[in-house]
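Chemist: Got a structure for you, written out below as structure tokens; questions coming shortly.
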Amino acid sequence: MLTFESDYVEGAHPKILEELVETNMVQVSGYGSDPFTESAKKKIIQACGRENAQVYLMAGGTQTNALIIDTMLEPYEGVVTAETGHIAVHEAGAVEFTGHKVLTIPHHNGKMDPAELRAYLETFWKDGNHEHMVFPGMVYITHPTEFGTLYTRNELQQIGDICKEYEIPLFLDGARLGYGLMSNDTDVDLPFIAQTVDVFYIGGTKIGALIGEAVVFTHSNMPKHFITRVKQHGAMLAKGRLIGIQFDALFTDDLYFKISRHAIEMAEILKQTLKDKGYTFFMDSPTNQQFIVLENSQMEELKKHVGFSFWETVDEDHTAVRFATSWATTEENLRKLAELL
């Protein structure tokens, strides 16, 4: 059975598996103090173009989001995001579980509007009762968004400037960052992100790694005693080498960017196939996630042969679904899909 359900249905890129096997019997210190992790950090800092950046490798996106938000906020602060933001919809309350409220504003195809963000912050600080309210202490965005859409350079700069004006950090969730950076329709690169936001992470789980996300604090702003906080959250791996080796491989010879680009090339073929077959698009996505509207009986029939994700109900007879390409998608599987559509 074919599946385009998500971008992490396969295991890991062969180069990563090779590195894991080749280094398997090498004895190193634990908890991320190994030479593989150190090498990976240096390569990531170089790719970001920020000499004063600090990198910490973590296992998964949910723990990364919850931990970054918890360690960078005061107890009385919450995090502002679009109402479709991942932390607001698909994290099972992980952020709220740490004691911080998720504060939502409207979305526009998954993105927050800088003007609406400013208006939200202005309204809070003008409220005479704001001492009795949850303070907006951080702004969280995803790039690409949950809808596969991308912020422009100008939009990111505006949001970053607003955060600086209100002296709150801007946090960018980059679980699918590679697919955004290698899109045909972006003017954003990794150094610009590292220059504009206060903290972000480079997703590995969805882009070739078995597990792993690389958190980047962009200007020596890692929270005090961060490693201790990581351990308190139960998020520290004794065998930190597991993630270090993977990111060292991903950031050797531009592998991360090359395999991300492959996913975009496959998505463009998929998009054209869907157009040729006459499907209605739920929205236009320039990344590896493609959304179409299916009649419900048609959807149930297609489910018998192809894996894809439910997105949302359009009306009582139609459903929006998502097809995702990845670093591992092949043209052969896209041809097979075309025969079934």
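The values are calculated or read from the model by the stated rules, or taken from the named source; none is laboratory data. Not measured: the values here are computed from a predicted model. Cβ coordinates were reconstructed from backbone atoms using ideal geometry, including for glycine residues, and neighbour counts include every protein chain displayed.
Chemist: Consider L242 against the criteria (1) crowded, with 21+ Cβ neighbours inside 10 Å; (2) under 28 Å from K15 (Cα atoms): it satisfies all of them except one. Which criterion is unmet?
Modeler: With respect to (1) crowded, with 21+ Cβ neighbours inside 10 Å; (2) under 28 Å from K15 (Cα atoms), L242 is out only on (1).
Here is a yes/no grid of residues against (1) in contact (Cβ under 8 Å) with a residue 12 or more places away in the chain; (2) under 17 Å from T152 (Cβ atoms):
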| position | (1), (2) |
| --- | --- |
| E167 | no, no |
| F171 | yes, no |
| G174 | yes, yes |
| L181 | yes, yes |
| V197 | yes, yes |
| Y201 | yes, no |
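Condition check ((1) in contact with a Leu (Cβ under 9 Å, 6 or more places away or on another chain); (2) not assigned by TED's automatic domain parsing to the domain that holds T325) across all residues:
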| site | (1), (2) |
| --- | --- |
| H225 | no, yes |
| M236 | no, yes |
| A249 | yes, yes |
| A267 | no, no |
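Every residue, every condition in (1) buried (at least 16 other Cβ atoms within 10 Å of the Cβ); (2) in the same structural domain as L334 (by TED's automatic domain parsing); (3) aliphatic (A, V, I, L, M); (4) touching a strand residue (DSSP E or B) at 6+ places or on another chain (Cβ under 8 Å), yes or no:
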residue: G278; (1), (2), (3), (4): no, yes, no, no
residue: L294; (1), (2), (3), (4): yes, yes, yes, yes
residue: H305; (1), (2), (3), (4): no, yes, no, yes
residue: S309; (1), (2), (3), (4): no, yes, no, yes
residue: E312; (1), (2), (3), (4): no, yes, no, yes
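Chemist: Looking at M72, is it under 23 Å from the mean Cα position of the chain (by Cα), in contact (Cβ under 8 Å) with a residue 24 or more places away in the chain and either assigned by TED's automatic domain parsing to the domain that holds P191 or closer than 25 Å to W327 by Cβ (or both)? Working first, answer last.
Modeler: On the way: under 23 Å from the mean Cα position of the chain (by Cα): yes; in contact (Cβ under 8 Å) with a residue 24 or more places away in the chain: yes; either assigned by TED's automatic domain parsing to the domain that holds P191 or closer than 25 Å to W327 by Cβ (or both): yes.
Yes.
Chemist: Take S220 and decide whether it is of a type in the set (S, T, N, Q), assigned to a loop (DSSP other than H, G, I, E, B) and farther than 28 Å from T98 by Cβ.
Modeler: On the way: of a type in the set (S, T, N, Q): yes; assigned to a loop (DSSP other than H, G, I, E, B): yes; farther than 28 Å from T98 by Cβ: no.
Considered against the rule, which asks whether it is of a type in the set (S, T, N, Q), assigned to a loop (DSSP other than H, G, I, E, B) and farther than 28 Å from T98 by Cβ, S220 comes out as no.
Chemist: Quick check on this structure: which one of I105, I45, I69 is of a type outside the set (K, R), over 26 Å from K239 (Cα atoms), crowded, with 16+ Cβ neighbours inside 10 Å and out of contact with any Gly (no Cβ under 6 Å at 6 or more places or on another chain)?
Modeler: Values: I45 fails: over 26 Å from K239 (Cα atoms); I69 fails: over 26 Å from K239 (Cα atoms).
Selected residue: I105, the only one of I105, I45, I69 that is of a type outside the set (K, R), over 26 Å from K239 (Cα atoms), crowded, with 16+ Cβ neighbours inside 10 Å and out of contact with any Gly (no Cβ under 6 Å at 6 or more places or on another chain).
Chemist: Here are some conditions: (1) crowded, with 16+ Cβ neighbours inside 10 Å; (2) within 23 Å of T287 (Cβ to Cβ); (3) not polar (S, T, N, Q). G11 meets all but one. Which one does it not meet?
Modeler: Going through the list (1) crowded, with 16+ Cβ neighbours inside 10 Å; (2) within 23 Å of T287 (Cβ to Cβ); (3) not polar (S, T, N, Q), G11 breaks only (1).
Chemist: Oh, and also: For R176, only one of the following conditions fails: (1) basic (K, R); (2) in contact with a strand residue (DSSP E or B) (Cβ under 7 Å, 6 or more places away or on another chain); (3) surrounded by fewer than 23 Cβ atoms within 10 Å (Cβ to Cβ). What is its number?
Modeler: (3)
Chemist: Something else now. Please go through region 265-287 and pick out each residue that is among the hydroxyl-bearing types (S, T, Y) and either under 20 Å from the mean Cα position of the chain (by Cα) or on the phi > 0 side of the Ramachandran plot (or both).
Modeler: Of region 265-287, the ones among the hydroxyl-bearing types (S, T, Y) are 273, 279-280, 285, 287.
Answer for region 265-287, where residues must be among the hydroxyl-bearing types (S, T, Y) and either under 20 Å from the mean Cα position of the chain (by Cα) or on the phi > 0 side of the Ramachandran plot (or both): S285, T287.
Chemist: Looking only at residues that are aliphatic (A, V, I, L, M) and in contact with a helix residue (DSSP H, G or I) (Cβ under 8 Å, 6 or more places away or on another chain) in region 53-74, which one is nearest to P169 (Cα to Cα)? Before the answer, list the steps.
Modeler: Our first condition is that a residue be aliphatic (A, V, I, L, M); within region 53-74, this holds for 53, 55, 57-59, 66-69, 72-73.
Applying the additional criterion that residues be in contact with a helix residue (DSSP H, G or I) (Cβ under 8 Å, 6 or more places away or on another chain) yields 53, 55, 57-59, 66-67, 69.
On the way: A53: 15, V55: 17, L57: 20, M58: 20, A59: 23, A66: 15, L67: 14, I69: 10 Å.
Per the criteria, the residue is I69.
Chemist: Here is a follow-up. Please work out which one of (1) within 17 Å of the chain's Cα centre (by Cα); (2) under 13 Å from H13 (Cα atoms) is the condition R261 fails and give its number.
Modeler: Checking R261 against (1) within 17 Å of the chain's Cα centre (by Cα); (2) under 13 Å from H13 (Cα atoms), the one that fails is (2).
Chemist: Among the listed residues N154, N129, identify the single one that is surrounded by fewer than 23 Cβ atoms within 10 Å (Cβ to Cβ) and under 20 Å from G178 (Cα atoms). Let's see the steps before the verdict.
Modeler: On the way: N129 fails: under 20 Å from G178 (Cα atoms).
Result: N154 is the single residue among N154, N129 that is surrounded by fewer than 23 Cβ atoms within 10 Å (Cβ to Cβ) and under 20 Å from G178 (Cα atoms).
Chemist: Grab the strands (runs of 3 or more DSSP E) fully contained in region 233-341, keeping just those with 2 or more residues being under 19 Å from N184 (Cβ atoms).
Modeler: Working: elements: 289-295, 309-315, 318-324.
Filter on region 233-341 gives 289-295, 318-324.
Chemist: Pairs under 6 Å by beta carbon, first residue without any contact (Cβ under 8 Å) to a residue 12 or more places away in the chain in region 294-314, partner hydroxyl-bearing (S, T, Y), six or more apart or different chains?
Modeler: If the second residue must be hydroxyl-bearing (S, T, Y), the pairs left are T313/T319.
Chemist: While we're here: How many residues are acidic (D, E) and either farther than 22 Å from H132 by Cα or crowded, with 21+ Cβ neighbours inside 10 Å (or both) if we restrict to region 72-101? First the steps, then the outcome.
Modeler: First, the residues of region 72-101 that are acidic (D, E): 74, 77, 83, 91, 96.
Next, from what is left, pick out any that are either farther than 22 Å from H132 by Cα or crowded, with 21+ Cβ neighbours inside 10 Å (or both): 83, 91.
Qualifying residue count, region 72-101: 2.
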